[in-house]
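Scroll down for the structure; my scribbles are underneath it.
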């Protein structure tokens with residue numbers, strides 16, 4: 001038996017390591033570094049109904065053990081993704097593919113979800129609810145349990161594929177949002193998205209990133225992400241994909257102990273393009289070192305201690 | 001594009017705040033002058049992208065200006081130290097496209113380094129090359145003798161007239177009579193070169209996340225759609241660039 005295998009809604013992953021959306025493009029850039037087939041899954045670049053240029057540069061800033069980004073969901077739009085990117089990535093990767101869907105209205109989420117539902121290449125729909133709801137004053141869908149449940153139910157109604165809701169950490173009660181998604185019919189939850197952060201040039205007082213505030217990720221956010229995964233796991237009975245600051249095999253074991261069935265690696269791909277294969281290679285050695293038989297044994301074990 | 005451990009062969013100061021480092025290691029991923037490398041620096045999360053000044057089998061020369069924490073740490077490295085580097089990033093200059101033209105190879109300040117290898121490779125092909133180098137002042141100038149040694153026509157400008165002619169590279173470009181430009185430097189300089197209407201290739205700079213096309217952190221708008229400076233560039237043809 002493969003000690004690293006894990007399951008998301010009955011779908012088998014050969015290992016729990018999935019590159020996070022937005023740090024891996026549609027796979028082609030990273031395939032120049034290594035054979036993507038070592039990966040448990042891939043979460044593709046966030047996709048919207050129409051093509052988006054995203055935000056003006058500078059889009060990137062650095063901080064201790066992390067980075068901030070305001071890419072602004074640059075993507076070619078769902079039709080171009082389905083027509084060109086999905087066939088291209090399927091040519092080089094036969095594992096689990098997650099389509100990552102963004103929208104600025106419930107209608108947009110539904111429209112994009114329908115198109116990915118019809119795409120054979122896609123196994124799981126991952127719904128990013130950190131986007132602002134333009135119809136309701138720009139408040140992110142993921143900061144309000146009612147809105148989160150509404151998006152979940154609307155997307156579930158148009159697809160037979162498993163739907164994983166990707167939660168924003170910029171809330172006071174992550175368990176309430178997780179429960180709302182479960183109530184809306186979500187098959188699973190991915191958390192966390194980036195934290196809202198800021199970097200200012202001390203010389204000039206000017207924010208570094210064009211949007212002033214931006215999404216903070218990297219190893220610095222790991223304790224926050226781990227805490228939220230732990231809270232969400234206690235609140236719901238659906239599988240969780242843990243993400244936030246993961247850069248080592250030990251980090252993977254921590255997130256799975258907190259209740260994650262799989263994990264995503266984000267920022268670390270950008271500074272070490274070999275981060276995912278390195279972590280996957282480290283995992284069996286770590287299991288031996290700690291006397292753990294398989295990853296399935298440790299999912300959620302921290303809750304029983 | 002390869003990631004590897006490179007050894008510092010030398011690291012010396014060339015001018016005020018300006019350093020030259022020679023790295024030893026695999027250079028097979030470098031295919032054009034004007035490409036860049038991305039260096040991991042202990043204690044800093046993001047790599048530092050730095051243009052290649054020149055490369056030969058087994059060695060890479062970079063010139064960098066000490067402007068912040070990363071470059072300050074680089075300047076403290078000594079021969080024998082090692083660095084984790086991703087090599088062979090970006091497209092670089094296409095020297096074949098300039099064949100047979102009267103070529104102005106233009107560098108402004110920290111934009112000068114990639115122009116050295118560009119001029120060297122053009123000169124080696126027997127092209128008609130005028131190197132136009134612009135610096136703020138004489139004390140931040142570097143590599144003048146290296147360009148002289150290439151045997152190319154050389155024009156120097158400084159903002160304050162402390163060396164060469166007082167003014168900007170665009171003034172020298174007008175006098176040069178060149179009909180093709182290859183340039184790297186600050187955005188206002190590139191804008192000036194572009195405004196001359198002379199055809200050619202321009203190398204851009206942008207804050208980057210990964211440096212290899214995965215994060216979309218450095219995307220700019222061009223006349224032919226959004227382009228990643230790190231992967232689709234940093235060199236763009238004058239016909240696809242817009243400064244609007």
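The numbers here are math on the coordinates, done by the rules we state, and not lab data. Predicted model, so just to flag it, every value in this text is computed and none were measured. Note: ideal-geometry Cβ built from the backbone for every residue, glycine included; neighbour counts use all protein chains shown.
Which of rounded, prolate or oblate describes the stretch B:160-243 when judged by the alpha-carbon gyration tensor and an a/c cut-off of 1.5? Could you put the intermediate results ahead of the total?
Details: a/c = 3.04, a/b = 1.82, b/c = 1.67.
Prolate, since a/c reaches 1.5 and a/b exceeds b/c.
Just counting partner chain Cβ atoms within 10 Å, what average do the residues of peptide B:215-227 show around their Cβ?
Mean partner-chain Cβ count within 10 Å for B:215-227: 6.
Nearest 0.05, what FRET efficiency do residue A:204 and residue B:94 give at R0 = 60 Å with Cβ-Cβ as r?
Result of the calculation: an efficiency of 0.95.
Per-residue counts of other Cβ atoms within 10 Å, averaged by peptide: what ranking do you get for A:90-96, A:207-213, highest first?
Highest to lowest by the protection proxy: A:207-213, A:90-96.
Counting other beta carbons within 10 Å of each residue's own, what order do B:238, B:18 fall into, fewest first?
Taking fewest neighbouring Cβ atoms as first place, the list is B:238, B:18.
Would you calculate a helix-derived [θ] at 222 nm for chain A, using -39,500 (n - 2.57) for each DSSP H run of n ≥ 4 and dividing by the full residue count, to the nearest 500?
Value at 222 nm, helices only, nearest 500: -8000 deg cm²/dmol.
If the label point is 7 Å along Cα→Cβ of residue B:84, which residues in the stretch B:194-211 have backbone nitrogen under 17 Å from it?
B:209-211, by backbone N distance to the label point.
Residues of A:267-278, mean number of Cβ from any other protein chain within 10 Å of their own Cβ, rounded to a whole number?
4
If you take each beta carbon of peptide B:123-129 and count the beta carbons of other chains within 10 angstrom, what is the mean?
0
As a test of the definition: which semi-axes, in Å, follow for the protein assembly as shown when you take the square root of five times each eigenvalue of its alpha carbon gyration tensor? Largest first, please. Walk me through the numbers before you get to the answer.
Numbers: eigenvalues 430, 122, 83 Å².
In descending order the semi-axes read 46, 25, 20 Å.
Considering only C-alpha atoms, what is the centroid distance from the stretch A:142-201 to the stretch A:103-136, in Å?
If we compute the Cα centre of each part, the gap is 12 Å.
May I ask you to derive the FRET efficiency for residue A:303 and residue A:88 from their Cβ-Cβ distance with R0 = 45 Å, giving the value to the nearest 0.05? Don't skip to the end; give the middle numbers.
Numbers: r = 41 Å, r/R0 = 0.91.
Calculated value: 0.65.
Could you give the length gained by full extension between residue A:5 and residue A:136, i.e. 0.36 nm per residue of separation minus their alpha carbon distance, to one decimal place?
Result: 43.0 nm gained on full extension.
Running Debye on chain B with equal point scatterers at the Cα sites and no solvent, what base-10 log of I(q)/I(0) appears at q = 0.08, 0.10 Å⁻¹?
So the normalised log intensities are -0.28, -0.44.
Counting helices only, and only those DSSP H runs with n ≥ 4, report the 222 nm mean residue ellipticity of chain B as the sum of -39,500 (n - 2.57) divided by its residues, in deg cm²/dmol to the nearest 500.
The helix contribution divided over chain B gives -4500 deg cm²/dmol.
Residues of the stretch A:17-54 with backbone nitrogen within less than 17 Å of a virtual label 7 Å along the Cα-to-Cβ line of residue B:28, please, listed as ranges.
A:32-35
Among DSSP beta bridges lying fully in the protein assembly as shown, give the percent that are antiparallel, nearest 5.
If we restrict to bridges inside the protein assembly as shown, about 55 percent are antiparallel.
Report, for the stretch A:157-305, the % of DSSP beta bridges that are antiparallel, rounded to 5.
Around 35 percent of the beta bridges assigned by DSSP in the stretch A:157-305 are antiparallel ones.
Would you mind ranking B:51, B:141 by Cβ crowding within 10 Å, fewest neighbours first? Mind dumping the intermediate values first?
Working: B:51 26, B:141 22.
Fewest-to-most Cβ neighbours within 10 Å comes out as B:141, B:51.
Please list, in order, the residues from the stretch B:109-145 whose amide nitrogen is less than 18 Å from a point placed 7 Å along the Cα→Cβ vector of residue B:165.
Output list for this probe position: B:109, B:129-138.
To check my understanding: the extent here is largest minus smallest coordinate of the Cα atoms along each principal axis. What are those three numbers for chain A, in Å, largest first?
For chain A, the Cα extents along the three principal axes come out at 51, 51, 40 Å.
Kirkwood Rh over Cα pairs of the stretch B:40-126 into Stokes-Einstein at 10 °C, 1.306 mPa s: D in µm²/s?
Once the numbers are plugged in, D ends up at 107 µm²/s.
Based on alpha-carbon centroids, what's the gap between the stretch A:237-305 and the stretch B:115-186 in Å, whole number please?
53
Can you tell me which of B:76, B:136, B:123 moves the most in a GNM of chain B? Springs connect C-alpha atoms under 10 Å apart.
B:76
Using alpha carbons only, how many degrees (0 to 90, rounded to 10) separate the axis of helix B:113-124 from the longest principal axis of chain B?
60
Which whole-number percentage describes the relative contact order of the stretch A:157-305, with Cα contacts under 8 Å and a sequence gap of 6 or more?
Taking the mean separation of contacting Cα pairs over the length of the stretch A:157-305, I get 20 percent.
Taking the beta-carbon count within 10 Å as an exposure proxy, list A:30, A:1 from fewest neighbours to most.
Ordered by Cβ neighbours within 10 Å, fewest first: A:1, A:30.
Mind checking the full-extension length gain between residue A:281 and residue A:294? Use 0.36 nm per residue of separation minus the Cα-Cα distance, one decimal, nm.
3.2 nm
At 0.36 nm per residue, and after removing the present C-alpha to C-alpha distance, how many nm does the segment from residue B:145 to residue B:195 gain when stretched out fully? The partial results should precede the final answer.
Working: separation 50, 0.36 × 50 = 18.00 nm, distance 2.97 nm.
Contour length minus Cα-Cα distance gives 15.0 nm.
In percent, how large is the relative contact order of chain A, given Cα pairs closer than 8 Å and 6 or more residues apart?
RCO, chain A: 20 percent.
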